[in-house]
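The values are calculated or read from the model by the stated rules, or taken from the named source; none is laboratory data. Keep in mind the model is a prediction, meaning the values are calculated, not measured. Every residue, glycine among them, receives a Cβ derived from its backbone with ideal geometry; neighbour counts consider all protein chains shown. When the accessible area is computed, the model is the full protein with side chains, heavy atoms only, and any ligands, DNA or RNA have been set aside. Shrake-Rupley method; radii C 1.70, N 1.55, O 1.52, S 1.80 Å.
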Amino acid sequence: MTPQPVAVLRRGDAGPAVAAVCERLVLSGDLPDGFRSDPGGTLQDRAGMRFDAEVDRAVRAFQQRRGLVVDGIVGRSTYAVLDGARWSLGDRVLRYVPEHFIEGDDVVHLQERLLQLGFQLGKVDGILGPETEGAVRAFQSAVGLHSDGTVGPETMRSFAGIERSVRGGSANALREREHLRRSGYSLAGRTIVLDPGHGGADRGAVAGNGVDEAGLCLAIARLVEGRLSAHGVSVVFTRTARTDGGSEEDRAAFANSCEADLMLSLHSDHTASSSGHGIATSFYGHADHAGWSVIGERFSDLVQRELVARTGLTDLRIHARTWTLLRRTRMPAVRIDVGYLSHPEDAALLAQPQTLDGIAEGIVVALQRLYLGEADTGHTGVLRLGDLLAHLERLRADAVD
Ligand SMILES: [Zn+2]
């Protein structure tokens, strides 16, 4: 039911683990039906199954569609999403398992339905954690079911009944905005987590002129910290100059433990060809799902415009992504990739103190504008809570009869 732990697989590998990946790529439609199978549909030669150019293309197509890093490598996060993609809601019983959270597309649909109905569970991340279980229990007691937190046939039937009467709207979007509205339109008193990428022994990308990503990101974060502290903001760092901030999961968990209002992750990019250049900003969002961070998108839009205007770096725009750090954080999280260290002109710009000052200034201005609560540009529907309440009333009346 849950993904098997797998080694990192890439082009050139072979064996049963590659066969397991291929089976899932057939299910996801990225490899053709009957791919290296005998007429019965079983893969031929599992032990000798090769991760070749065709499999590599299929992995990349899947990663592209699902908003993952497109590198053709099947590591933990790609495998988890790939493995989870074969489940539709109702295919299996869903329950909270403390040591090993169930993940999958069916969990995504469960979370979307709960959110549409107004039950709070944090982000739509496809992971059945304690918050989702709490929302399932709340739903069950609202519709008069035994509230055991397990999504089996009975709970599914209740969903089917309700879904017809309540439609549309993104509760996640409404909830984030409501939180922002209630927390007041001011920077003072907020907690912002700054996450300079890499660190410790990992220097990240290194430019020909000696600028390294870990040092660059920390320098920008410190400039931002200085400005934010002056505005009464509590700034927390995921790492220092010496320490390593850990994996993306660790960094997200740390931000969650700080109960931060926003997490800002800083990186710079690099390509082998040295042709890539420019600045891009990413927030949590998936085209297929309701779990779209509106605040993340809003902040990305604001900060991207400020930074392009202040640095002269090429505008590579803002992007909805499902990267681990963005997915696992409970607060809006945004990642900025400031320039390409593999590009000589970007690297030269990033070696200049005034560029870093401009970036820090732009980030702070964007934060101020975010919390000033300007008229939002929301593109969400309206959650018709009245419809839900009326429906619940009918269910209760039926239960009494
Ligand atoms: Zn990086």
Legend entry - Under Karplus coefficients 6.51, -1.76 and 1.60, residue-wise ³J(HN,Hα) of region 22-39 in Hz, glycine/proline x: 4, 4, 6, 5, 5, 4, 7, x, 8, 10, x, 4, x, 4, 6, 10, 7, x
Legend entry - ³J(HN,Hα), Karplus 6.51/-1.76/1.60, whole Hz, each residue of region 126-138, x for Gly, Pro: x, 10, 7, x, x, 5, 5, 4, x, 5, 4, 4, 5
Legend entry - Accessible area per residue in Å² at 1.4 Å probe, computed on region 16-84: 45 Å²
Legend entry - Neighbour net charge for S77 - beta-carbon separation under 13 angstrom, K R +1, D E -1: -1
Inset, instruction - Please list the non-local residues whose amide H lies under 5 Å from the amide H of G199, H modeled 1.01 Å from N, same-chain partners needing a gap of 5 or more. - result: G204
Inset, instruction - Report relative contact order for region 184-371 in percent, whole number only (criteria: Cα-Cα under 8 Å, sequence separation at least 6). - result: 30 percent
Legend entry - Other-chain or far-sequence residues with amide H under 5 Å of F237's (modelled H): L194
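Show me the ranking of peptides 139-148, 115-124, 218-227 by mean Cβ neighbours inside 10 Å, starting with the highest.
115-124, 218-227, 139-148
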Legend entry - Table column - 3J(HN,Hα) (Hz), region 338-354, Karplus curve with 6.51, -1.76, 1.60, x for Gly and Pro: 8, x, 10, 6, 7, 9, x, 6, 4, 4, 5, 4, 6, 8, 9, x, 5
Legend entry - Protection proxy ranking of 355-361, 20-26 - average other beta-carbon atoms within 10 Å, highest first: 20-26, 355-361
Inset, instruction - Compute, for R60, the solvent-accessible surface of its heavy atoms (probe 1.4 Å) with the complete set of protein chains present, and express it in square angstrom to the nearest 10. - result: 90 Å²
Inset, instruction - Would you pull out the residues with amide H under 5 Å of S342's amide H, same chain only if 5 or more places away, H placed 1.01 Å from N? - result: T271
